[in-house]
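Here the structure is laid out as structure tokens; the discussion comes afterwards.
The values are calculated or read from the model by the stated rules, or taken from the named source; none is laboratory data. Computed from a prediction, not measured in an experiment: that's the story for all the values here. No Cβ is skipped: glycine too gets one built from the backbone with ideal geometry, and neighbour counts run over all protein chains shown.
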Amino acid sequence: MSSTKAQVWFAEPDAITDSGVLARYRDLLSDDERVRCDRFVFDKDRHHFLVAHALVRTVVGQAVDRDPASLGFDLGVHGRPELRTSGGPPPVRFNLSHTSGLVAVAVTSGLDIGVDVERLRDVNPGVAEKHFAAQEVRALEALPESGRRPRFFAYWTLKESYIKARGMGLALPLGGFAFDLDADPGRIGFSVRDDLDDRADAWRFVLWSAGPEHRAALAVRARELHWTTRRCVPLVNETEWSWDVLAY
């Protein structure tokens, strides 16, 4: 895999119902993952966890040419999973995101990477005022009512993808960096506050409309980026899948 190439894999848990396939997914999991899966009270949550972690294992296993069931993972300082190695940095970096109806795993060679998927839903306007940068709030308020929910989730997925790529979670203030989707339509402008110890020009982002009900965003620490998207049923089939790119 090229150092500037990222793959993003999508799966739709609600469409994966074959009991034999799901049994194979469970066989891929570690003992700890099975325990975590079984802790969920609701069947839908267990099912979602199972598909998500089967997707992680199959995507990462393919990237490093290893049996998915043999992979081990360690958690970083802020809880980001990394591929366990016998020494040295992992050969690939990956990130998982899931929301109602959709799971995504992004993978690349040795670069910081983050992905986020969100289902479009109603949101309290105060969330943006509390968490977004001032210029993002102004841009939201300037839109007609019909455009505010899609724009909110464009900002939210981009922000989540960035903090996940940084591996710091919410230790990184969401208002400390900003995205601009208006100055150059179709392109993603990015700025970051000086005290956050980063360079805006070190990052590349992609924003997708992942079907009518979802948004997805990718962040990679790279000066240039080539990406592919695939839709799959882990262990069963995969296809090239071109979601509508809203901006990059």
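Are any of the residues in the stretch 234-241 touching a strand residue (DSSP E or B) at 6+ places or on another chain (Cβ under 8 Å) and within 18 Å of Asp116 (Cβ to Cβ)? Yes. Looking for something at negative phi, among the aliphatic types (A, V, I, L, M) and surrounded by fewer than 18 Cβ atoms within 10 Å (Cβ to Cβ) - is there at least one such residue anywhere in the stretch 188-198? Checked the stretch 188-198: at least one residue is at negative phi, among the aliphatic types (A, V, I, L, M) and surrounded by fewer than 18 Cβ atoms within 10 Å (Cβ to Cβ). Give the residue that is farthest from Ser70 (Cα to Cα), with candidates limited to residues of the stretch 1-43 that are in a helix (DSSP H, G or I), among the aliphatic types (A, V, I, L, M) and in contact with a helix residue (DSSP H, G or I) (Cβ under 8 Å, 6 or more places away or on another chain). Selected residue: Leu22.
Across the stretch 117-164, the qualifying residues are those that are under 23 Å from the mean Cα position of the chain (by Cα), part of a helix (DSSP H, G or I) and acidic (Asp, Glu), and the one among them that is farthest from Asp244 (Cα to Cα) is Glu136.
Out of all the residues in the stretch 148-171, which are touching a Lys or Arg at 6+ places or on another chain (Cβ under 7 Å) and either surrounded by fewer than 21 Cβ atoms within 10 Å (Cβ to Cβ) or within 15 Å of Ala128 (Cβ to Cβ) (or both)? Across the stretch 148-171, the qualifying residues are Phe153, Ala154, Thr157, Gly167.
Evaluation of Leu172 against the conditions (1) within 24 Å of Val105 (Cα to Cα); (2) at pLDDT 95 or above; (3) over 16 Å from the mean Cα position of the chain (by Cα) shows that the sole unmet condition is (2).
For every residue, the table says whether it meets (1) in contact with a Pro (Cβ under 7 Å, 6 or more places away or on another chain); (2) buried (at least 18 other Cβ atoms within 10 Å of the Cβ); (3) at pLDDT 95 or above; (4) hydroxyl-bearing (Ser, Thr, Tyr).
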position: Met1; (1), (2), (3), (4): no, no, no, no
position: Ala11; (1), (2), (3), (4): yes, yes, yes, no
position: Val21; (1), (2), (3), (4): no, no, yes, no
position: Asp27; (1), (2), (3), (4): no, no, yes, no
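The test for being part of a helix (DSSP H, G or I), in contact (Cβ under 8 Å) with a residue 12 or more places away in the chain and exposed (fewer than 14 other Cβ atoms within 10 Å of the Cβ) does not hold for Asp182. Residues that are at pLDDT 95 or above and loosely packed, with under 12 Cβ neighbours inside 10 Å within the stretch 201-225 comprise just one, Asp201.
Within the stretch 110-126, residues that are under 16 Å from Leu140 (Cβ atoms) and of a type in the set (Asp, Glu) sit with their Cβ atoms under 7 Å from residues that are at pLDDT 95 or above and part of a strand (DSSP E or B), at 6+ positions apart or across chains, in these pairs: Glu118/Thr99; Glu118/His214; Glu118/Arg215.
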